[in-house]
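The values are calculated or read from the model by the stated rules, or taken from the named source; none is laboratory data. None of the values given here were measured: they were computed from a predicted structure. Glycine also receives a Cβ, built like all others from the backbone with ideal geometry; neighbour counts cover every protein chain displayed. Areas reflect the complete protein model, heavy atoms only, side chains present, ligands, DNA and RNA absent. Shrake-Rupley method; radii C 1.70, N 1.55, O 1.52, S 1.80 Å.
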Amino acid sequence: MKHAIKSEIFEKRKSLSEEYVIEKSTEIKEMLYSLPEFKEAKNIMFYVSFDNEADTHEMIKELLLEKEKAVVVPYIEKDNYLLQISKLEDFNELEKKNFGILEHKEHHIKKFDIADIDLVIVPGVVFDKSGHRIGYGHGYYDRFLDNLEKINKNAVKVGLAYDFQIADKVPIEKHDVPVDKIVTEKRIIRCNTAK
């Protein structure tokens, strides 16, 4: 079931036009920026979008220009299955690396403490209304979110997705850590009322 849902949504997302991605991502950005948690956050971790994901490049560039919030992005170290995070000061510090995703160039890495993150923007192929997600299957975000829960319970986890990526229910595994909110171009879904 998990594989079937993932394949269907993945294929749909792959076929999106550039215009659709730009238009819907702009609407998603406006929804995200309206969240009180976003307005209050000082340190925000973003995924760096690729392959027709809800686009984060423009958001990251805007925030870097404004200099009011610290932008943190993930990277992968060889033979380490835990996602690492680094502060970003210029979008040009990034280059295509693992899985074709933009990550910090080696000499630009500025390690950032997970305990200082206020808000984490989480990618996913499919989300359900309870905040559970199906990712790409490598488990990097699952391990990262699990670690975040242990170290920094106050960080708010927000999934970004197009509305068609929302399912009623996705299969849950014991290591899954749900997001607190999901932002689409049409709505904000509050998954965890405790936050």
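For the reader, a short list of remarks on this structure follows.
- Computed [θ] at 222 nm, deg cm²/dmol, the chain (DSSP H ≥ 4; -39,500 (n - 2.57); rounded to nearest 500): -9000 deg cm²/dmol
- Virtual spin-label span in nm between GLU68 and ASP176, 7 Å along Cα→Cβ: 3.6
- The chain: most fluctuating residue of GLY135, GLY124, GLY100 per GNM, C-alpha cutoff 10 Å: GLY100
- For the pair LYS97 and SER15 in one chain, pulling the backbone fully straight at 0.36 nm per residue adds 27.2 nm over the alpha carbon distance.
- Per residue, the solvent-accessible area of the stretch 38-126 (1.4 Å probe, heavy atoms of protein chains only, all protein chains present) comes to 49 Å².
- Rounded FRET efficiency, nearest 0.05, which uses the C-beta distance separating LYS105 from LYS150 and R0 of 41 Å: 0.85
- Selection of trypsin sites (Lys or Arg not before Pro), the stretch 1-77, meeting DSSP coil and at most 10 other Cβ within 10 Å: LYS67
- Per residue, the convex hull around the alpha carbon atoms of the chain comes to 118 Å³.
- Calculated FRET efficiency, LYS42 to LYS169, Cβ-Cβ distance, R0 = 41 Å: about 0.75 to the nearest 0.05.
- Rounded to the nearest 20, the size of the Cβ-charge dipole of the chain about its Cα centre is 580 debye, with Lys and Arg at +1 and Asp and Glu at -1.
- GNM flexibility winner over the chain from VAL21, VAL48, VAL125 (Cα, springs under 10 Å): VAL21
- Shown here for the stretch 38-83: chymotrypsin sites (Phe, Trp or Tyr not before Pro) in loop regions (DSSP other than H, G, I, E, B) with at most 13 other Cβ atoms within 10 Å, namely TYR81.
- Averaging the Cα positions of each part gives two centres, and for the stretch 1-78 and the stretch 124-183 these lie 14 Å apart.
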